[in-house]
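Data block below; observations after.
The values are calculated or read from the model by the stated rules, or taken from the named source; none is laboratory data. Quantities reported herein were computed from a predicted structural model and do not represent experimental measurements. So basically every Cβ, Gly included, is an ideal-geometry build from the backbone, and we count neighbours across all protein chains shown. Quick note on the areas: whole protein, heavy atoms, side chains included, nothing else; ligands and nucleic acids left out. Shrake-Rupley method; radii C 1.70, N 1.55, O 1.52, S 1.80 Å.
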Amino acid sequence: MSYFEARNITKRYDAHLALDNVSIDVPEQSIFGLLGPNGAGKTTLIRIINQITGPDEGEIFIGNEKLSQKHVDKIGYLPEERGLYKKMKVGEQALYLAQLKGLSKTDALKKLKYWFEKFEIQAWWNRKVEELSKGMQQKVQFIVTIIHDPTLLIFDEPFSGFDPINVNLLKDEILNLKQNGATIIFSTHNMASVEELCDNIALINKSKKILEGRVKDIKTKYKTNTYAIDFDGFTGEARSLLPAGFSLLNETSDEEMRQIIVGLPTQSTQNELLNAVMSKVNIHAFKEIIPTMNDIFIKTVNESGNFSEIS
Amino acid sequence: MNKILLVIQREYLSRVRKKSFIVMTILGPILMAALFIVPIFLSQMSDEVKQVEILDETGWFINKFEDSERFRFDYVYTDLETAKTNLLIEKGYALVYIPKPEVSVPSSAMIFSDKQVSIDLKGYIRNVMGKEVENQKLGAEIMKEIQKVSPGNDTGIQENISAGNIVSDEILKNIKTNITLTSIKMGEAGKEEKSFTEVSMVVGLFAGILIYFFIFLFGSQVMRGVIEEKVSRIVEVIVSSVKPFQLMMGKIIGVGLVGLTQFMLWVLLTLTIVTVFQQVMPDKFKKQETVESFSPGKRIPAGAEAIQSMEISKDQGSMERMIDAIQSINYGVMIFSFLFYFLGGYLLYGAMFAAIGAAVDNETDTQQFMMPVTIPLILGILVAQFVINNPEGPIAFWFSIIPFTSPIVMMVRIPFGVPSWEVALSMALLVITFVGAVWMAGKIYRTGILMYGKKVSWGELWKWLFYKA
């Protein structure tokens with residue numbers, strides 16, 4: 001069941017088309033990756049969802065209701081371009097931002113206390129923001145994004161500026177939020193984290209959606225029937241190991257081990273390859289090469305045309 | 001809307017708590033009080049009695065001016081040219097010339113002197129003349145009323161009917177007299193030029209400069225606030241919670257309230273300092289005992305009291321004379337117009353400054369947009385200096401009607417008395433213009449705050465006006 005839906009969104013700036021008939025569908029309690037090269041239109045779409053700007057055409061639904069001003073308090077948004085008032089005290093500022101999201105002062109204080117303790121930054125409550133490290137500021141920012149228990153969360157490059165330990169802390173929190181019922185839209189260029197976190201993705205390039213679906217399905221779809229074999233005990237030509245029709249895509253070796261990457265003909269199975277090789281070499285590893293989201297991203301974007309550079 | 005209040009509150013508190021605000025709040029009144037006190041001190045320093053000659057063609061004011069420790073009044077009965085020559089020969093301080101009015105009661109006088117005439121002398125002359133004229137008018141009005149009430153009986157009025165029953169507000173308004181006092185400075189070669197020590201001029205110019213200063217100071221605070229939000233990138237977080245227009249208006253209103261707070265504190269503290277000074281040095285700054293009768297703010301009901309207050313005690317100190325002079329201006333109107341033009345002008349320019357802040361990435365980029373916005377302001381303050389010479393002329397008229405200069409120029413004109421239709425027109429235009437400016441600024445602001453790292457041209461700004469939300 002989808003919680004968030006954008007239908008046929010089109011947005012124009014002068015002659016430039018920022019979004020061209022883009023639709024996305026985010027199931028409830030899932031993490032949705034919104035991907036695309038710089039300037040593809042992701043930020044525009046995110047701003048439309050946040051009602052910072054409006055679409056020229058198309059409609060948006062949240063929980064089956066048409067998006068309206070009252071939904072502002074249900075959405076938590078961590079923008080890519082983010083910051084805090086430098087001269088303002090951390091606690092005061094968090095309180096202000098929480099109240100802007102519709103929390104009462106007492107509720108906001110209670111919740112902030114909980115999160116500040118959880119993120120171990122309560123000692124900074126009365127410090128000015130400019131005294132905080134970047135990572136620390138990011139934590140404050142994350143807290144104020146989720147403080148009002150939004151049902152729809154939008155994270156735009158949430159991990160930038162965090163060290164690996166805090167990235168993990170954040171990932172856990174994001175998964176927790178999903179566990180607790182939030183629907184999450186996640187925009188990033190970090191494809192590893194997409195594979196790790198996202199259930200579904202949509203890929204936007206040059207204002208158009210060019211790919212969408214479950215991460216698993218997409219990866220299966222982009223499989224190329226390629227396998228890697230690690231072996232030793234054979235010093236001859238690697239090509240001679242392979243049955244006819246199989247292609248040697250790559251070959252590497254170090255002192256102990258050789259690795260070949262083999263492309264299979266369409267009808268063949270991996271067992272044919274295994275059978276052919278097994279008798280001649282000592283196999284250490286045999287695995288299917290599954291395309292990473294990174295590969296898929298680059299491949300799809302390149303196929304759909306060059307990067308657009310207009311933002 | 002609750003959220004705009006939150007924004008206003010933050011903008012207000014974060015500024016009021018700043019050290020610079022507190023320092024300004026304390027320094028301002030000290031400077032202003034010094035402006036009051038120092039000239040009086042200086043004029044007290046010379047204790048020689050100055051000789052002032054009165055040439056009164058009307059005969060209304062013979063022996064009404066009373067000698068004090070600083071001025072001795074002599075009455076001359078020659079023609080003006082002789083009196084002027086005599087003044088120079090006798091090295092008198094000043095010559096007051098009260099011409100015979102063509103039709104009605106005397107309402108103007110000229111002061112000839114080869115020096116700048118001190119402000120307390122002018123205040124005193126204005127005061128004596130005004131009160132004498134008002135007194136006469138009041139007497140005539142009371143006679144008329146009494147004759148209406150009991151025809152044929154014009155004796156023993158004071159016993160039978162107290163003046164308070166007769167003197168209506170309307171009469172008080174009718175008898176209100178504005179004395180035009182023109183100072184003419186006589187040069188060596190008999191050249192004459194107008195001088196600027198007129199209280200109306202000082203008050204008007206002061207109010208105009210104050211408005212100019214406030215608009216600049218707080219307008220640019222709005223601009224810096226917008227740039228700060230843009231540079232620190234907090235703006236995108238905030239506009240996901242409040243509409244850009246709310247954020248902009250919240251900031252403009254919040255900063256405006258800071259300005260009003262500062263102004264109020266200045267007035268209060270200045271009055272406190274001046275009052276304390278009067279108490280501490282009672283010899284020089286005698287406390288004023290007479291009540292100011294004709295200001296609409298504290299109109300007193302009884303005409304008798306009004307008459308009483310017209311009696312000027314002989315040993316009135318300079319401070320009192322100056323206060324009298326200052327009080328000859330209608331303060332209710334002044335304060336109302338000041339607040340109106342301050343708010344109107346501030347909203348107009350504040351909105352434009354906010355739009356500029358939104359269009360640029362940092363303060364150094366503001367130059368190209370600042371110029372056209374500040375030119376009318378600077379023009380206003382330049383024109384103000386012409387206007388004090390000629391508050392009725394076409395320049396004064398047009399610049400006090402055009403909304404971009406009216407907050408300054410109209411403020412300069414108001415102490416001189418401006419026809420109400422002109423004030424109404426100017427105020428209406430100002431309101432219309434600031435509503436338009438706020439609307440346009442809102443459009444530019446909305447687009448601008450989310451544009452990073454882009455040099456924006458005027459053409460671009462124009463396009464932003466037509467972007468859909």
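Side notes on the structure shown:
- Qualifying positions in the stretch B:172-217 - surrounded by 19 or more Cβ atoms within 10 Å (Cβ to Cβ), modelled with pLDDT of 75 or more and within 26 Å of B:P407 (Cβ to Cβ): B:V203, B:G204, B:L205, B:A207, B:G208, B:I211, B:Y212, B:F214, B:I215
- The residue that is nearest to the other protein chains (Cβ to nearest Cβ), among those in the stretch B:234-278 that are in contact (Cβ under 8 Å) with a residue 40 or more places away in the chain and assigned to a loop (DSSP other than H, G, I, E, B), is B:S241.
- Where A:L211 falls short, out of the listed (1) surrounded by 12 or more Cβ atoms within 10 Å (Cβ to Cβ); (2) modelled with pLDDT under 85: (2)
- Within the stretch A:222-260, tally of residues that are closer than 19 Å to A:I290 by Cβ and either open to solvent by less than 30 Å² (accessible area, probe 1.4 Å) or out of contact with any strand residue (DSSP E or B) (no Cβ under 6 Å at 6 or more places or on another chain) (or both): 10
- Breaking point among (1) touching an Asp or Glu at 6+ places or on another chain (Cβ under 7 Å); (2) open to solvent by 10 Å² or more (accessible area, probe 1.4 Å); (3) in contact (Cβ under 8 Å) with a residue 60 or more places away in the chain, for A:I46: (2)
- Among the numbered conditions (1) within 20 Å of A:I31 (Cβ to Cβ); (2) within 14 Å of another protein chain (Cβ to nearest Cβ); (3) in a loop (DSSP other than H, G, I, E, B); (4) modelled with pLDDT under 90, the only one that A:F162 does not meet is (2).
- Pairs, first among the basic types (K, R) in the stretch A:83-104, second open to solvent by less than 10 Å² (accessible area, probe 1.4 Å) and assigned to a helix (DSSP H, G or I), C-beta under 7 Å, six or more apart: A:K86/A:V129
- Annotation note: of B:M352, B:M411, B:M371, the sole residue that is open to solvent by 40 Å² or more (accessible area, probe 1.4 Å), part of a helix (DSSP H, G or I) and within 21 Å of B:L260 (Cα to Cα) is B:M352.
Let's see how each residue does on (1) of a type in the set (D, E, K, R); (2) modelled with pLDDT under 80:
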| position | (1), (2) |
| --- | --- |
| B:E69 | yes, yes |
| B:A83 | no, no |
| B:E102 | yes, yes |
| B:Q116 | no, yes |
| B:V128 | no, no |
| B:E159 | yes, yes |
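- The requirement of being over 21 Å from B:V235 (Cα atoms), surrounded by fewer than 22 Cβ atoms within 10 Å (Cβ to Cβ) and within 27 Å of the chain's Cα centre (by Cα) is fulfilled somewhere in the stretch B:437-458, by at least one residue.
- Residue list for the stretch A:82-99, filter: within 10 Å of chain B (Cβ to nearest Cβ), open to solvent by less than 30 Å² (accessible area, probe 1.4 Å), more than 26 Å from the chain's Cα centre (by Cα) and of a type outside the set (A, V, I, L, M): A:Y85, A:Q93, A:Y96
- Taken over the stretch B:389-408, the criterion of being open to solvent by 20 Å² or more (accessible area, probe 1.4 Å) and of a type in the set (A, V, I, L, M, F, W, C) is satisfied by B:I395, B:F397, B:W398, B:F399, B:I402, B:F404.
Yes/no per residue for (1) of a type in the set (A, V, I, L, M, F, W, C); (2) without any contact (Cβ under 8 Å) to a residue 12 or more places away in the chain; (3) part of a helix (DSSP H, G or I):
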{"site": "B:I62", "(1), (2), (3)": "yes, no, no"}
{"site": "B:R72", "(1), (2), (3)": "no, no, no"}
{"site": "B:T82", "(1), (2), (3)": "no, yes, yes"}
{"site": "B:L88", "(1), (2), (3)": "yes, no, yes"}
{"site": "B:L95", "(1), (2), (3)": "yes, no, no"}
{"site": "B:A109", "(1), (2), (3)": "yes, no, no"}
{"site": "B:G123", "(1), (2), (3)": "no, no, yes"}
{"site": "B:R126", "(1), (2), (3)": "no, no, yes"}
{"site": "B:M129", "(1), (2), (3)": "yes, no, yes"}
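- Residue in the stretch A:165-183 that is of a type outside the set (A, V, I, L, M, F, W, C) and within 14 Å of another protein chain (Cβ to nearest Cβ) present: no
- Some residue of the stretch A:135-142 being in a loop (DSSP other than H, G, I, E, B) and more than 12 Å from every other protein chain (Cβ to nearest Cβ): no
To keep it simple, each residue is scored yes or no on (1) open to solvent by 60 Å² or more (accessible area, probe 1.4 Å); (2) more than 19 Å from A:L45 (Cα to Cα).
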position	(1), (2)
A:K101	no, yes
A:L112	no, yes
A:G135	no, yes
A:P150	no, no
A:I174	no, yes
A:A182	no, yes
A:I185	no, no
A:M191	no, yes
A:E195	yes, yes
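- Checking each residue in the stretch B:330-349 for being open to solvent by less than 10 Å² (accessible area, probe 1.4 Å) and either over 19 Å from B:I227 (Cβ atoms) or not in a helix (DSSP H, G or I) (or both) picks out B:S337, B:Y341, B:F342, B:G344, B:G345, B:L348.
- Members of the stretch A:1-16 found to be open to solvent by 20 Å² or more (accessible area, probe 1.4 Å), away from chain B (no Cβ under 14 Å) and touching a residue at least 40 places away in the same chain (Cβ under 8 Å), listed by number: A:Y3, A:E5, A:R7, A:N8
- When residues of the stretch A:67-81 are limited to those that are hydrophobic (A, V, I, L, M, F, W, C) and at the interface with chain B (Cβ under 9 Å from one of its Cβ atoms), the one farthest from A:I46 (Cα to Cα): A:V72
- Inclusion of B:L379 among residues that are open to solvent by less than 50 Å² (accessible area, probe 1.4 Å), within 18 Å of B:Y212 (Cβ to Cβ) and of a type in the set (A, V, I, L, M) is not warranted.
- When B:S406 is tested against (1) at pLDDT below 90; (2) under 17 Å from the mean Cα position of the chain (by Cα), just one condition goes unmet, and that condition is (1).
- All positions within the stretch A:143-159 that are more than 12 Å from every other protein chain (Cβ to nearest Cβ) and closer than 22 Å to A:M191 by Cα: A:F155, A:E157, A:P158, A:F159
- The listed residue being under 29 Å from A:P27 (Cα atoms) and touching a residue at least 40 places away in the same chain (Cβ under 8 Å), out of A:K221, A:K216, A:K178: A:K178
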